[in-house]
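Since every read-out is calculated from the coordinates, none of them should be taken as a lab result. Here the structure is a predicted model, which is why all the values come from computation and not from measurement. Note: ideal-geometry Cβ built from the backbone for every residue, glycine included; neighbour counts use all protein chains shown.
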Amino acid sequence: MDLKTRKEVIDHLYSFISESKKKRMNQVLGERTKFLTLVLEDVYQPQIVSSIVKTCDCFGIQDLHLVENFNKYSASPDAIIAATKWVNIHRYREKNSNNTQLAINELRDSGYQIVTVTNNRRATSIDEFPMDKKTAVIFGPEKSGPSDVAIKQADAFVKIPLLGFSDYLNLPVTTGAALNSLRHRMVQSKAKWQLDENEIDEVKYFWAHKLLKSADRLEDVFLNK
């Protein structure tokens, strides 16, 4: 579908969405970003992934990448629909491949620097990490942490400062703390972090198909009239 046709399809689909909903969607689009994205390694528990998806939505993160080397993410259809209505989920689950490496390769090709979250003392505090480049942040499982590939391939390392006796946070809390810190400095930077026109249309098209149960039929009728 060419860009002009996609715009026409979006306009048609949005005519079936209430004005109040469209107003809210436009407000949210103004804060959405692909400049910062998250990568989760082998996090398969539906409730944890769903919680992190909601966290991404709340902090304006449009893309979440799920790497499935050993643990396959599974959830009921209802849980998937509820969690992924507003956020794009990219899954890496090729057999006989290192899916962490596949994800890193794809993200690098898209211009992202790779930043791995670790508790290594030499890692930069996340509150001091500069956000002037497109950044993909890798989180490993809560206890075992990121894989060797995520460590070896990282362009930088960050840590969440912990001041108590525990040596790790649960993953939803960690991602929330990280996004809060990174987004704050991203917005303050001079980087162009907002969605461009093409990205806005991509998101609007995606959202319309998530909101409208009959979106596919409406689109087909419109294109074949």
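Our summary gives the chain a relative contact order of 25 percent, counting only alpha carbon pairs under 8 angstrom and 6 or more residues apart.
Residues whose amide H comes within less than 5 Å of that of His65, counting only those at least five positions distant or on another chain, are Leu38, Val39, Leu40, His90 (H built at 1.01 Å from N in the peptide plane).
Counted over all Cα-Cα pairs of region 154-209, pairs farther apart than 18 Å make up 59 percent.
Between Asn105 and Glu128, the contour length at 0.36 nm per residue exceeds the Cα-Cα span by 5.7 nm.
Could you pull out the chymotrypsin sites (Phe, Trp or Tyr not before Pro) across region 151-189 that fall in loop regions by DSSP (anything but H, G, I, E, B) with no more than 16 other Cβ atoms inside 10 Å?
Phe165, Tyr168
For the pair Lys152 and Asp216, the difference between a 0.36 nm per residue extended length and the Cα-Cα distance amounts to 18.7 nm. Take the Cα coordinates of region 22-70, assign each an equal point scatterer, and use the Debye formula without solvent to give log10 I(q)/I(0) at q = 0.14, 0.32, 0.33 Å⁻¹. Per q value, in the given order, log10 I(q)/I(0) is -0.40, -1.18, -1.21.
For the pair His184 and Leu162, label points projected 7 Å from Cα toward Cβ lie 2.1 nm apart. Cross-link check: pairs Lys133/Lys192; Lys54/Lys190; Lys95/Lys159; Lys134/Lys190 evaluated at a Cα-Cα cut-off of 21 Å; pairs beyond the cut-off: Lys54/Lys190; Lys95/Lys159.
Backbone geometry of region 148-163 corresponds, through the Karplus equation with coefficients 6.51, -1.76 and 1.60 at θ = phi - 60°, to 3J(HN,Hα) couplings of 4, 5, 4, 7, 5, 8, 5, 7, 7, 10, 10, 9, 8, x, 10, 10 Hz, x marking Gly and Pro. Using the alpha carbons alone, the radius of gyration of the chain stands to its Kirkwood radius in an Rg to Rh ratio of 0.99. The Rg/Rh ratio for region 128-225, using Cα coordinates for both the radius of gyration and the Kirkwood hydrodynamic radius, is 1.14.
Run a plain Debye calculation on region 1-51 (Cα atoms as equal point scatterers, no solvent) and give log10 I(q)/I(0) at q = 0.14, 0.21, 0.26 Å⁻¹, rounded to two decimals, same order as the q list. Per q value, in the given order, log10 I(q)/I(0) is -0.68, -0.91, -0.97. Couplings 3J(HN,Hα) for region 168-175, derived from phi with the Karplus relation 6.51 cos²θ - 1.76 cosθ + 1.60 (θ = phi - 60°), are 7, 9, 5, 4, x, 5, 4, 5 Hz, where x marks Gly and Pro.
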